[in-house]
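**Student:** After the structure tokens below, expect a handful of questions from me.
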Amino acid sequence: MAREDADNHFGVTVCVFNNREDGAAGFEWRIAFFNDQGVEVTSLNHGWKPRSIETKRWGNLTNSATVRGATRFKLEVRAPGSEMPPQ
């Protein structure tokens, strides 16, 4: 679900489901926002955040851009403690 608030800022909530049968799924996540030129813009929750979702349950991941001009977003997920190579 995406939205724009009264100040024309772009926000998003992504619903994810843990379909594992054997327990909670632990991971780290971030939602990055980009402008029309593909440049990442600042957001309320920048950086990686840990999360765990119990077996057969839904979880919401939410973030909002803090500047106008964001037109796209990307959800990134990784294993806990892993490092992504620089882009």
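**Student:** Mind giving me the nanometre distance, one decimal, between the label points for residue 22 and residue 42, set 7 Å out from Cα along Cα→Cβ?
**Tutor:** With each label point 7 Å from Cα toward Cβ, the separation is 4.3 nm.
**Student:** Considering the values (1) 1.18; (2) 1.39; (3) 1.24, which represents Cα Rg over 2.2 N^0.38 Å as calculated for the structure under consideration?
**Tutor:** Read-out taken from this structure: (1).
**Student:** Follow-up question, since we're still on this one. Taking the dipole about the Cα centre of the chain, with the C-beta of Lys and Arg at +1 and of Asp and Glu at -1, give me whichever of 32, 58, 45 is farthest to the positive side.
**Tutor:** In the chain, that residue is 58.
**Student:** With charges set only on the Cβ (+1 for Lys and Arg, -1 for Asp and Glu), what does the dipole of the chain come to about its Cα centre, in debye to the nearest 20?
**Tutor:** Magnitude of the dipole: close to 120 debye.
**Student:** Can you figure out the FRET efficiency of residue 79 with residue 14, using R₀ = 25 Å and their beta-carbon distance, to the nearest 0.05?
**Tutor:** Approximately 0.85, to the nearest 0.05.
**Student:** Using alpha-carbon positions, what is the distance between the centroids of segment 11-29 and segment 39-86, in Å?
**Tutor:** If we compute the Cα centre of each part, the gap is 12 Å.
Each reported figure results from applying straightforward, stated rules to the coordinates on display, with no laboratory input. Nothing here was measured: the structure is a model prediction, and the numbers come from that model. No Cβ is skipped: glycine too gets one built from the backbone with ideal geometry, and neighbour counts run over all protein chains shown.
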